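Enquirer: Below you will find the structure I want to go over with you.
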Amino acid sequence: MSRFHPTALIFSGFFLLGLLIILWGVLLPDLNSELGMTAAQSGWFFMVMALGTVTGAYLGGKYVQKFNFLKLFASLALLETVILLGISLAQYAWHLLLGIFLFGLFCSVMFTIGHTLIARLHANKRAKMMGLMDFMFSLGTLAAPFLVVVMYWWLPDWRWPLRLLALLLVLLAAYALLIARQVKADPTAAEAPKHSLSYKAVLKQPVFVALALAMFGYGAVEWGNGNWFVSYASSALLYPTEQARLIFAWFTGGMVLSRLGFAYLIPYLGATRLLRLLVMMTLAGALLLKLADSTLLLSLGNGLLGLGLGGVYPLLLSAAMDLDARNGPVLSGLSNIGGSLGCQLAGLGTGLWANVAGIGTAFWMLPLVALWLFASVWLFSRRARVLQAAGGI
């Protein structure tokens, strides 16, 4: 069985998942207006999605090993289709909360399948392919606002983008089932292991505790800047909101370029040295964002932060899977859980701090979590070297 079709499936799936995950923020003003959601309900909306993501990451890491990945991926895509269609019929805010929890849960399991399948299909170039997979996810996040704008030219209703993406998920599920049939007909195809995996066994290894800490920092940096930079620039630095968003675009652009190109540096620098270089760039960018007071320096800080941060997740996860490929689903689940918890820390922590001291002071949260990421990645790389020198797991 050729690796092309499963790879194309996962890359297409990650593009759609990127679209879907960012779509809620794009549609939120219309959701608030039509369903009468308060600011508190909007906050709970994203909190409940994060809870679903953490739950799905845990369950996916532990149990996806028991199933055929392609058939499970197809089933989850069909379940997401039903959920999106259900949300598109919502009349009350509580309908959204139920739907978004299930959406986050199943999306997270699909992430775990994608990470694990790509890591196994491309073991000889794992970091590069996982970077390209995350690049497809980033393309999806970039495409979401444009999709909504174009659809609103003809159908100015938040429900129709969800219905279109539900249709695309049906096509994705059909593609997955077609590939699964071909794999089943292939006599050389290996049977999926029928056992569950253990987080406890993985976390007995200090290197994977360091991985979880690093992913926590990664999520906090990514979403700390993503959720709060525009507010910081417009409220504390008094930039017009439109200009603040344009400055922030340097961050998203840097993330995309980093995920597309970091793997080409691995042969020259090595994974460990490249990881350390990326987190040094991330920390420098975060400090520059807090200390800068000009458009040029803020743009440079965002660009540097994005270039450093973009390659960290796929490089970290692929390095961890190189150490223990058998527990790939658990390592993916652990990474998703850490990143989701870091996201919540950055979002809620910065908000609570801003309520007390103002966003200008609270934005120090970004350099602090960047420092956490820097330290935990260095700890991970040291532990990984010790483990490799001892002959692996």
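The values are calculated or read from the model by the stated rules, or taken from the named source; none is laboratory data. Here the structure is a predicted model, which means the values were calculated and not measured. Cβ coordinates were reconstructed from backbone atoms using ideal geometry, including for glycine residues, and neighbour counts include every protein chain displayed. Only protein heavy atoms, including side chains, enter the accessible area calculation; ligands, DNA and RNA are left aside. Shrake-Rupley method; radii C 1.70, N 1.55, O 1.52, S 1.80 Å.
Enquirer: Please sort 219-226, 339-346, 262-269, 153-160 by packing, taking for each peptide the average over its residues of neighbouring beta carbons within 10 angstrom, highest first. Write down the numbers at each step before the final one.
Expert: Values: 219-226: 25.9, 339-346: 22.6, 262-269: 15.6, 153-160: 13.5.
Descending mean neighbour count gives 219-226, 339-346, 262-269, 153-160.
Enquirer: Tabulate in residue order the Karplus-calculated ³J(HN,Hα) for the range 306-313, using 6.51 cos²θ - 1.76 cosθ + 1.60 with θ = phi - 60°, rounded to whole Hz; enter x for Gly and Pro.
Expert: Rounded to whole hertz, the list is x, 5, x, 6, x, x, 5, 4.
Enquirer: Would you kindly work out the equivalent ellipsoid of the chain from its C-alpha gyration tensor and give its semi-axes, the square roots of five times the eigenvalues, largest first in whole Å?
Expert: Working: eigenvalues 195, 161, 67 Å².
Semi-axis lengths for the chain are 31, 28, 18 Å.
Enquirer: Here is a further query. With a bin width of 5 angstrom, please list the P(r) values of the range 145-267 as percents of all Cα-Cα pairs, from the 0 bin to the one holding the largest distance.
Expert: In order of increasing distance, the bins hold 2, 7, 8, 8, 10, 15, 18, 14, 9, 6, 2, 1, 0 percent.
Enquirer: Taking the alpha-carbon centroid of each part, what is the distance from the range 266-331 to the range 79-137 in angstrom?
Expert: Distance between centres, Cα-based: 23 Å.
Enquirer: What 222 nm value per residue comes from the helices of the chain, counting each DSSP H run with n ≥ 4 as -39,500 (n - 2.57) and dividing by all residues, nearest 500 deg cm²/dmol? Walk me through the numbers on the way to the answer.
Expert: On the way: 16 runs with 326 residues, N = 393.
Roughly -28500 deg cm²/dmol at 222 nm, from the helical runs in the chain.
Enquirer: Local charge sum around GLY56 (other residues, Cβ-Cβ under 14 Å, Lys/Arg +1, Asp/Glu -1)? Walk me through the numbers before you get to the answer.
Expert: Working: positive: LYS62; negative: GLU80.
It works out to a net charge of 0.
Enquirer: Can you send over the carbon and sulfur percentage of the accessible area for the range 1-159, probe radius 1.4 Å, protein chains only? Walk me through the intermediate numbers first.
Expert: Details: 4810 of 6580 Å².
Solvent-exposed carbon and sulfur of the range 1-159 make up 73 percent of the total.
Enquirer: Shape call for the range 131-174 from the C-alpha gyration tensor, a ≥ b ≥ c root eigenvalues: rounded (a/c under 1.5), prolate (a/b greater than b/c) or oblate? Show your work: numbers first, answer last.
Expert: Values: a/c = 3.69, a/b = 1.38, b/c = 2.67.
Since a/c reaches 1.5 but b/c is at least a/b, the shape of the range 131-174 is classed as oblate.
Enquirer: Let me check something: with ligands and nucleic acids excluded, how do THR38, THR7 order by accessible area (1.4 Å probe), largest to smallest? Could you put the intermediate results ahead of the total?
Expert: Values: THR38 70, THR7 15 Å².
My answer, sorted largest first, is THR38, THR7.
Enquirer: So, one more: Using only alpha carbon pairs under 8 Å that are at least six residues apart, calculate the relative contact order of the chain and give it in whole percent.
Expert: Values: 601 pairs, mean separation 99.4, N = 393.
About 25 percent, as a whole number.
Enquirer: log10 I(q)/I(0), Debye, Cα-only the range 45-183, no solvent, q = 0.09, 0.19 Å⁻¹?
Expert: Results for the range 45-183 at q = 0.09, 0.19 Å⁻¹ read -0.31, -1.30.
Enquirer: Subtract the Cα-Cα distance of MET151 and LEU167 from 0.36 nm times their separation in residues, and report this length gain in nm to one decimal.
Expert: Values: separation 16, 0.36 × 16 = 5.76 nm, distance 1.47 nm.
In short, 4.3 nm is gained.
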